[in-house]
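Visitor: Mind looking over this structure? Questions follow.
All of the numbers you see were taken from the coordinates with simple rules; none came from a lab. Every value quoted in this text rests on a predicted model; they were computed, and no experiment measured them. Positions of Cβ are backbone-derived with ideal geometry, glycine not excepted, and every protein chain shown enters the neighbour counts.
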Amino acid sequence: MNVLVINAGSSSLKYQLMNPETGDVSAKGLCERIYIDGRLTHKVGDKKVVKDIPMPTHSEAIEAVLQILVDPENGVIKSVDEIDAVGHRVLHGGMEFSDSCIINDEVIKAIEKCIPLGPLHNPANLMGIRACQAVMPNTPQVAVFDTAFHMTMPPKAYRYAIPTEYYKNDDIRRYGFHGTSHKYIARRAAELMGTKNFKMVNCHLGNGSSLSAVKDGKCQDTSMGLSPLAGVPMGTRSGDIDACVVQFICNKYGMSVDDCLTMLNKKSGVLALSGVSSDFRDLSAGAESGNEDCKLALEKFYYEVAKYVGAYTAALNGIDMLTFTAGVGENDADARAAICSYLSFMGVKIDPEKNKARGQEVKISTEDSTVQVWVIPTNEELMIAQDTAELVNAAKK
Ligand code: AMP
């Protein structure tokens with residue numbers, strides 16, 4: 001089976017053509033500068049092709065992707081009919097979606113309804129869906145929501161302690177994000193444990209970071225909230241912050257709430273603390289060369305991640321497994337060691353040799369650690385492809 005996985009942003013569109021059973025990726029790439037001029041970068045194995053192609057809308061971007069996939073020189077399939085289904089990443093499923101689903105008119109309406117909750121991403125995701133529908137009307141399309149995995153949270157985790165009317169009238173609550181990644185890791189962790197019945201905390205640590213508390217395969221709590229701004233400090237996002245900071249800054253500097261939120265989303269986090277970079281590799285290099293601000297940015301990040309692990313361990317009344325994933329979680333041994341050093345009180349012990357692992361699945365805890373600690377590379381595209389295949393195959397029966 002061939003599933004085309006699409007992740008449409010406001011001016012970009014990432015794609016992968018993959019086999020959901022084996023995880024093999026036959027081709028992948030990126031359309032950039034949609035609405036500006038248009039550039040396609042297409043990769044098959046080690047071969048990379050870059051083409052400037054006019055992309056006045058997402059439709060032309062999808063057309064360019066389909067064309068190159070069937071191109072005799074750079075393609076991997078003979079005809080678009082060989083694409084069995086398309087899986088779309090959709091940021092916000094609001095309260096409408098607790099699972100992935102096959103796209104129809106109702107689903108499109110429901111995704112539209114979620115636009116106020118995901119104003120930057122949902123319109124772009126919808127453009128990707130509509131563009132695919134236009135150019136491949138007979139191919140089933142599936143929506144996979146970044147929020148869906150977290151919909152099993154109990155009210156005590158998802159409700160904010162603000163007047164109920166905002167929840168009842170406006171759906172204001174914690175939703176959480178990176179759900180596709182958290183779901184993939186929870187599934188893989190269950191395979192490694194040989195059972196679904198255990199308790200874990202997953203640390204998805206990348207440019208954006210979030211943690212989730214999972215019991216018996218179901219999410220119980222997660223660090224991001226109504227938006228991806230909440231939780232631990234990130235590359236450029238502040239993470240949790242007292243709302244009065246917004247009031248203070250807006251009043252003192254005559255800034256609008258929107259501008260203040262842009263500052264909290266794009267100019268804060270470890271970028272702001274370090275004054276150097278949002279990239280953790282730059283911060284490590286800076287800290288090594290003695291830059292105190294880089295050291296503080298890293299210390300703050302480790303400290304806040306460890307605090308969330310502690311809080312979720314209490315919420316679950318103990319955990320059996322702690323997992324690290326995404327750019328920093330998979331590759332940064334110093335980050336894992338620093339975070340785990342806060343957790344020795346609960347019997348977490350990691351083996352420094354095993355912790356040297358980069359980007360590979362490995363258990364890094366010692367045999368006498370009370371909690372198994374694993375590095376598990378995430379694969380959101382594979383999760384999207386698997387959900388898509390599952391739904392499309394079930395619909396055929
Ligand atoms: P992601 O958002 O998951 O792609 O993660 C991106 C982040 O991972 C960036 O801040 C990178 O600096 C960080 N990262 C990737 N590789 C490494 C590495 N080898 N060591 C430290 N950080 C890394």
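Visitor: Principal axes first, then extents: for the Cα atoms of the chain, list largest minus smallest coordinate on each axis, whole Å, largest first.
Guide: Each principal axis gives a Cα extent; for the chain these are 58, 55, 46 Å.
Visitor: Assuming 0.36 nm per residue, please report the length gained on full extension of the stretch residue 115 to residue 366 beyond their Cα-Cα distance. Before the final figure, lay out each step's value.
Guide: On the way: separation 251, 0.36 × 251 = 90.36 nm, distance 4.60 nm.
Taking 0.36 nm per residue and subtracting the Cα distance, the gain is 85.8 nm.
Visitor: About the Cα centre of segment 25-104, how large is the charge dipole given +1 on each Lys and Arg Cβ and -1 on each Asp and Glu Cβ? Please answer in debye to the nearest 20.
Guide: 340
Visitor: Find the centroid of the Cα atoms in segment 1-64 and in segment 129-187, then give the distance between the two in whole Å.
Guide: Each part reduced to its Cα centre gives a spacing of 24 Å.
Visitor: Set Lys and Arg Cβ to +1 and Asp and Glu Cβ to -1, take the dipole of the chain about its Cα centre, and tell me which of 161, 123, 324 lies farthest positive.
Guide: Sorting the options by dipole projection puts first 161.
Visitor: What order, most packed first, do the peptides 247-258, 142-153, 40-51, 15-26 have when packing is the mean number of other Cβ atoms within 10 Å of each residue? Please report the intermediate quantities before stating the final value.
Guide: Values: 247-258: 11.2, 142-153: 25.4, 40-51: 14.2, 15-26: 17.7.
Per-residue mean Cβ counts within 10 Å order the peptides as 142-153, 15-26, 40-51, 247-258.
Visitor: Place a point 7 Å from Cα of residue 187 in the direction of its Cβ. Which residues in segment 86-101 have their backbone N less than 12 Å from it?
Guide: Of the residues in segment 86-101, 100 have backbone N under 12 Å from the label point off residue 187.
Visitor: How large is the charge dipole for the chain, taken about the Cα centre, if only the Cβ atoms of Lys, Arg (+1) and Asp, Glu (-1) carry charge, to the nearest 20 debye? Present the calculation step by step, with values, prior to reporting the outcome.
Guide: Working: 41 positive and 49 negative charges, 107 e Å.
Here the chain has a charge dipole of around 520 debye.
Visitor: Highest first, please rank the peptides 189-197, 372-380 by the mean number of other Cβ atoms sitting within 10 Å of their residues. Numbers along the way, then the final one.
Guide: Values: 189-197: 13.6, 372-380: 21.7.
Top to bottom by mean Cβ count within 10 Å: 372-380, 189-197.
Visitor: Say the cut-off is 28 Å between C-alpha atoms; which of 47/396; 48/397; 47/109; 300/349 go over it? Numbers along the way, then the final one.
Guide: Details: 47/396 36 Å; 48/397 39 Å; 47/109 40 Å; 300/349 21 Å.
Listed pairs above 28 Å: 47/396; 48/397; 47/109.
Visitor: Return the sequence-ordered ³J(HN,Hα) values of segment 127-136 in whole Hz as given by the Karplus equation 6.51 cos²θ - 1.76 cosθ + 1.60 applied to θ = phi - 60°, using x for Gly and Pro.
Guide: The phi angles translate into 5, x, 5, 5, 4, 5, 4, 5, 8, 9 Hz.
Visitor: Quick one: helix 380-396 against the long Cα principal axis of the chain, what's the angle to the nearest 10°, folded into 0 to 90?
Guide: 50
Visitor: Now a separate question. Would you mind putting 97-110, 315-328 in packing order, based on average other-beta-carbon counts within 10 Å, highest first?
Guide: 315-328, 97-110
Visitor: Can you give the three extents of the C-alpha atoms in segment 91-243 along their principal axes, from longest to shortest, in whole Å?
Guide: Reported extents, whole Å, longest axis first: 43, 42, 30.
Visitor: A further question on this structure: Put +1 on the Cβ of each Lys and Arg and -1 on the Cβ of each Asp and Glu in the chain; which of 244, 273, 85 then has its Cα farthest toward the positive end of the dipole?
Guide: Ranked along the dipole, the leading option is 244.
Visitor: Can you give the Rg to Rh ratio of segment 53-117, both from alpha-carbon atoms, with Rh computed by the Kirkwood formula?
Guide: On the way: Rg = 15.5 Å, Rh = 14.3 Å.
When Rh is taken as the Kirkwood radius, the ratio is 1.09.
Visitor: If the reach is capped at under 17 angstrom between alpha carbons, list the lysines near residue 215, excluding any in the same chain fewer than eight residues apart.
Guide: Correct list for residue 215: 156, 183, 196, 199.
Visitor: Whose amide H sits under 5 Å from the amide H of residue 90, counting only residues 5 or more places off or on another chain, with H placed in the peptide plane?
Guide: Long-range HN contacts for residue 90: 144, 145, 146.
Visitor: Here's a follow-up. Could you go through segment 362-368 in sequence order and give the Karplus-derived ³J(HN,Hα) for each residue, using 6.51 cos²θ - 1.76 cosθ + 1.60 with θ = phi - 60°, rounded to whole Hz, and x for Gly and Pro?
Guide: Each residue of segment 362-368 in turn: 7, 7, 9, 7, 7, 5, 8 Hz.
Visitor: Taking the Cα centroid of segment 338-391 and of segment 261-298, what is the distance between the two, rounded to the nearest whole Å?
Guide: The distance from the Cα centre of segment 338-391 to that of segment 261-298 comes to 25 Å.
Visitor: Here's another thing I want to ask about it. For segment 246-258, what does the Karplus curve 6.51 cos²θ - 1.76 cosθ + 1.60, with θ = phi - 60°, yield as ³J(HN,Hα) per residue in whole Hz, taken in order and with x for Gly and Pro?
Guide: With the stated coefficients, segment 246-258 comes to 5, 4, 4, 5, 4, 5, 6, 9, x, 8, 6, 4, 4 Hz.
Visitor: Indicate, rounded to the nearest 5 percent, the antiparallel portion of the DSSP beta bridges found entirely in segment 1-92. Let's see the in-between values first.
Guide: Numbers: 23 of 27 bridges.
Just about 85 percent of them are antiparallel.
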